[in-house]
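Just below is one structure, and these are the notes that go with it.
The values are calculated or read from the model by the stated rules, or taken from the named source; none is laboratory data. These figures come from a predicted structure and were not determined experimentally. Virtual Cβ from ideal backbone geometry, glycine too; neighbours counted across all protein chains shown. Only protein heavy atoms, including side chains, enter the accessible area calculation; ligands, DNA and RNA are left aside. Shrake-Rupley method; radii C 1.70, N 1.55, O 1.52, S 1.80 Å.
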Amino acid sequence: MSLGLPVAGHWYQSRDLEDGVVLIREPHVHPFARCNIWLVRGEERDLLIDSGTGVLPLTPHLPMVKHRPLIAVATHGHFDHIGALHEFKDRRAHGHEADEYAEMPDAMTLAPLFRQLEAPVDAMPYESWSRAHYRVAPAPIATRLAEGDRIDLGRRSLTVLHLPGHSPGSIGFFDERNGILFSGDALYDGELIDDFPRSDVEHYRATMQRLRALPIHVGHGGHGPSFDDARKSTLVREYLEGRRIQGCPEPPGGI
Ligand SMILES: [Zn+2]
Ligand SMILES: [Zn+2]
């Protein structure tokens with residue numbers, strides 16, 4: 001239980017990376033549920049890619065975008081990526097999952113996984129917080145995204161890539177000019193998950209083939225450290241080399 005834990009001094013932590021990208025994280029969230037939140041700065045507006053667990057408001061942590069238009073997108077509908085989405089007006093997600101954001105059913109968000117973790121946090125977001133009451137707030141989607149859509153931020157634009165497998169509506173965003181890929185949970189430097197209830201291994205494999213052919217300067221995933229093109233190739237190869245082919249026995253040591 002969370003009782004006895006101190007209240008965290010700062011819930012969010014951010015780091016400025018190159019090319020106008022800011023990484024925001026929730027260091028006190030269990031690593032399994034600690035996603036990478038990306039802020040991509042354009043000349044006219046900014047793009048927020050994912051929004052964390054939402055246990056505390058994210059907006060106060062984003063003073064740099066206070067007086068600018070912000071587009072908030074979700075790479076997919078799992079709780080660790082969409083918890084604070086409701087705070088933003090311009091919300092976008094892939095059409096395969098978008099309808100469900102109005103209700104945020106557990107079947108999509110997988111919020112019970114967070115409630116059931118032994119230690120979902122290692123410090124309290126606020127004194128009376130309880131994991132038993134954790135829910136994802138409804139955030140109806142007005143703009144449904146699809147493969148090939150472009151998001152223009154002013155002198156910078158990103159293309160939507162549909163990357164199903166981890167979930168049916170998983171998407172990534174590719175800034176072609178800078179070679180920056182935001183890949184959500186389709187690809188990151190860590191244990192990839194293709195056995196959630198709505199995961200599909202064949203779709204995942206096709207997504208990996210596609211990512212293999214995409215040259216990048218840097219990849220920013222939904223979890224874990226960022227990766228370069230060589231590391232991307234390794235991650236893709238390790239997945240495709242059969243470790244997770246449907247029907248194969250689990251690798252030694254489990255997943
Ligand atoms: Zn996920
Ligand atoms: Zn995730």
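Order VAL7, VAL160 by their accessible area, 1.4 angstrom probe, all chains in place, largest first.
Values: VAL7 70, VAL160 0 Å².
Result, largest first: VAL7, VAL160.
Accessible area per residue, 1.4 Å probe, Å², for the chain: what's the number?
With all protein chains present, the chain gives 45 Å² per residue.
So if I take the centroid of the Cα atoms in the range 193-217 and the same for the range 25-88, what is the distance between those two points in Å?
Each part's Cα centre sits 23 Å from the other's.
So how exposed is ASP16, as accessible area in Å² (1.4 Å probe, rounded to 10)?
130 Å²
Looking only at the chain, where both bridge partners belong to it, what percent of the DSSP beta bridges are antiparallel (to the nearest 5)?
In the chain, approximately 60 percent of DSSP beta bridges are antiparallel ones.
Using the basic label-point model (7 angstrom from Cα toward the beta carbon), what is the LEU5 to LYS89 distance in nanometres?
3.4 nm
Roughly what would the spin-label model give for MET64 and ASP228, points 7 Å off Cα along C-beta, in nm?
Between MET64 and ASP228, the simple spin-label model gives 2.4 nm.
Report, to the nearest whole %, how much of the accessible area of the chain belongs to carbon and sulfur atoms, 1.4 Å probe, protein only. Intermediate results must be reported in sequence, preceding the final value.
Values: 6010 of 11580 Å².
For the chain, the apolar C and S fraction of the accessible surface comes to 52 percent.
Taking only the Cα atoms of the range 1-99, how large is their convex hull per residue, in Å³?
Looking at the range 1-99, the number lands at 118 Å³ per residue.
Report Rg(Cα)/(2.2 N^0.38 Å) for the range 108-255, keeping two decimals.
In units of the 2.2 N^0.38 Å rule of thumb, it is 1.18.
Determine, from the Cβ-Cβ distance of ASP19 and ARG144 and an R0 of 35 Å, the FRET efficiency 1/(1 + (r/R0)^6), rounded to the nearest 0.05.
After rounding, the FRET efficiency stands at 0.80.
If each residue of separation counts as 0.36 nm, what is the full-extension length gain between GLU44 and TYR126 once their alpha-carbon separation is subtracted? Don't skip to the answer; put the middle values down first.
On the way: separation 82, 0.36 × 82 = 29.52 nm, distance 3.49 nm.
Result: 26.0 nm gained on full extension.
Can you put LYS66, LYS232 in order of accessible area, largest first, using a 1.4 Å probe?
On the way: LYS66 155, LYS232 5 Å².
Largest to smallest exposure gives the sequence LYS66, LYS232.
Once all Cα-Cα distances of the chain are split into 10 Å bins that start at 0, what whole-number percent is in each one?
7, 32, 37, 20, 4, 0
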